[in-house]
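Asker: The structure under discussion is supplied below as structure tokens; questions concerning it will follow.
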Amino acid sequence: MYSEQIRDLAVDAIDDLKGKEIKVIDVRGINNLTDFMIMVSGSSDRQVKGIANHLVTKAKERGIRPLGIEGEKFGEWILVDLGDVVVHVMQPHIRAFYNLETLWGRY
């Protein structure tokens with residue numbers, strides 16, 4: 001599956017569970033580890049966990065095994081590494097504090 005297809009699958013899965021403020025950043029050419037970074041907000045730890053779990057389920061249904069999942073225990077920030085696409089599911093206060101969009105979006 002191409003990175004653009006994985007990106008679209010991730011955005012659709014996030015949208016299924018009403019993730020807020022979905023931001024997709026193309027990091028090809030500035031990062032050798034992944035092609036796309038996706039940031040999304042969930043309003044509570046429950047929603048953050050739900051979005052991440054739904055994304056993992058949808059990816060596995062399409063034959064994509066996540067390379068890693070971090071932060072599931074607390075649900076403030078969960079990172080789902082799908083290889084060519086890395087998804088950051090965060091509560092709004094965590095997202096505002098780390099401001100990854102500015103970090104990656106300035107390149």
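The values are calculated or read from the model by the stated rules, or taken from the named source; none is laboratory data. Since we're looking at a predicted model, the values are computed, not measured. Cβ sites come from the backbone with ideal geometry, for glycine too, and all protein chains shown count toward neighbours.
Asker: Name the pairs: first residue in the range 50-67 and among the charged types (D, E, K, R), second residue modelled with pLDDT of 95 or more and in a helix (DSSP H, G or I), Cβ to Cβ under 7 Å, at least 6 apart or on different chains?
Answerer: Filtered contacts from the range 50-67: Lys58/Leu9; Lys58/Ala13; Arg62/Leu9.
Asker: Let me ask something else about it. Answer yes if at least one residue in the range 23-32 is of a type in the set (D, E, K, R), more than 17 Å from Gly83 (Cα to Cα) and modelled with pLDDT of 95 or more, and no otherwise.
Answerer: Looking for residues that are of a type in the set (D, E, K, R), more than 17 Å from Gly83 (Cα to Cα) and modelled with pLDDT of 95 or more, one finds at least one in the range 23-32, hence yes.
Asker: Hey, Arg7 hits all of (1) basic (Lys, Arg); (2) at pLDDT 95 or above; (3) over 13 Å from the mean Cα position of the chain (by Cα) but one; which does it fall short on?
Answerer: Going through the list (1) basic (Lys, Arg); (2) at pLDDT 95 or above; (3) over 13 Å from the mean Cα position of the chain (by Cα), Arg7 breaks only (3).
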